[in-house]
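Okay, so here's the structure we're looking at.
The values are calculated or read from the model by the stated rules, or taken from the named source; none is laboratory data. Remember, it's a predicted structure, so these values are computed and weren't measured experimentally. Methodologically, a virtual Cβ is constructed for each residue, glycine included, from the backbone with ideal geometry; neighbour enumeration extends over all protein chains shown.
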Amino acid sequence: MAIEKIGVVGAGQMGNGIAHVCALAGYSVMMTDVKAEAMSAALALIDKNMTRQVSRSLISEDEKIAALRRIQTTQEIANLGQCDLIIEAATERETIKQAIFDQLLPHIGPNTILASNTSSISITRLASRTDRPEKFIGFHFMNPVPIMQLVELIRGIATDDETFNACQEVVSRLGKTSATSEDFPAFIVNRILMPMINEAVYALYEGVGNVNSIDTSMKLGANHPMGPLELADFIGLDTCLAIMNVLHDGLADTKYRPCPLLTKYVEAGWLGRKTKRGFYDYRGDKPVPTR
């Protein structure tokens, strides 16, 4: 199963990163988003990030120019019909993802592989709504995509070996490493990472330490590159809450109960870096803890 043309649905933080690495690896990329301005912003960001790679001698100027030429954008999702692999990278809401696959199905060929970049939602359930559960897979990139070396490949109950092997080859061509996960809530990385972040929020909620103390403790005491609250802001507090809810609902264990303070921040619209406020306030020259 030769994959040469990759479709990316969603031009946000994850989608533009996926388009970036796929184009650099030599794939033709077709990116779509419901907002034209989102695609323009994505192309500008990809250009900026590739320019940074050139300045660090990670790629050449010629490689950058060639990669940018491989990326096309469209607002018509039907134009992704000729792609060999389509990776959905939309908002972490199951209804939105299902609607995207419903729109794609009339336009794709019988051999097209469908993939979701979901960080927690059941691949088996998403696949069951399509006409090709055997050609459906979880393709979970880490953020930021151009830097992080891991891709989780998640097999649904029906995913066949041909699909899995083809996607493993794509990961290898991207210069990344794949880890295989079974289709259980939040897979591997977030099954371990999110409860740690949630526990850090509980420590803040219960007054065990303030934001600065908690993050400093984990950076210097556990040698983490970012503190858990700083990392939560980077990921997005709404995404953290959504994943904790998937874990809590899917595994029915009280240890996965989202911290009420995390819920409160999301209700306030304090979602982290993307809204300029979360556990830190990013509106000034340097981040300031909000607690």
(request) Find all pairs meeting these conditions: Cβ atoms under 8 angstrom apart; at least six residues apart or on different chains; first residue within segment 162-191 and in contact (Cβ under 8 Å) with a residue 40 or more places away in the chain and hydroxyl-bearing (Ser, Thr, Tyr); second residue surrounded by 19 or more Cβ atoms within 10 Å (Cβ to Cβ) and in a helix (DSSP H, G or I). (result) Thr163/Lys135
(request) List every residue pair whose Cβ atoms sit under 6 Å apart, with the two residues 6 or more apart in sequence or on different chains, where the first one lies in segment 110-135 and is over 17 Å from Glu92 (Cα atoms) and the second, anywhere, is assigned to a loop (DSSP other than H, G, I, E, B). (result) Pro133/Ala158; Glu134/Ala158; Glu134/Asp160
(request) Quick one: Asp84 ticks every box in (1) of a type in the set (D, E, K, R); (2) in contact with a helix residue (DSSP H, G or I) (Cβ under 7 Å, 6 or more places away or on another chain); (3) surrounded by 15 or more Cβ atoms within 10 Å (Cβ to Cβ) except a single one, so which number is it? (result) (2)
(message) When you check Ile100 against the structure, is it part of a loop (DSSP other than H, G, I, E, B), not acidic (Asp, Glu) and not assigned by TED's automatic domain parsing to the domain that holds Lys274, yes or no?
(response) no
(request) Restrict the check to segment 243-253 and report whether at least one residue is part of a loop (DSSP other than H, G, I, E, B), within 21 Å of Ile192 (Cα to Cα) and hydrophobic (A, V, I, L, M, F, W, C). (result) yes
(message) Whether any residue in segment 70-86 is under 18 Å from the mean Cα position of the chain (by Cα), farther than 24 Å from Thr124 by Cα and in contact (Cβ under 8 Å) with a residue 60 or more places away in the chain is what I want to check.
(response) no
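Yes/no per residue for (1) assigned by TED's automatic domain parsing to the domain that holds Gln53; (2) in contact with a His (Cβ under 6 Å, 6 or more places away or on another chain); (3) in a helix (DSSP H, G or I); (4) not basic (Lys, Arg):
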position	(1), (2), (3), (4)
Phe139	yes, no, no, yes
Met148	yes, no, no, yes
Glu152	yes, yes, no, yes
Ala158	yes, no, no, yes
Ser178	yes, no, no, yes
Pro195	no, no, yes, yes
Asn198	no, no, yes, yes
Ala203	no, no, yes, yes
His224	no, no, no, yes
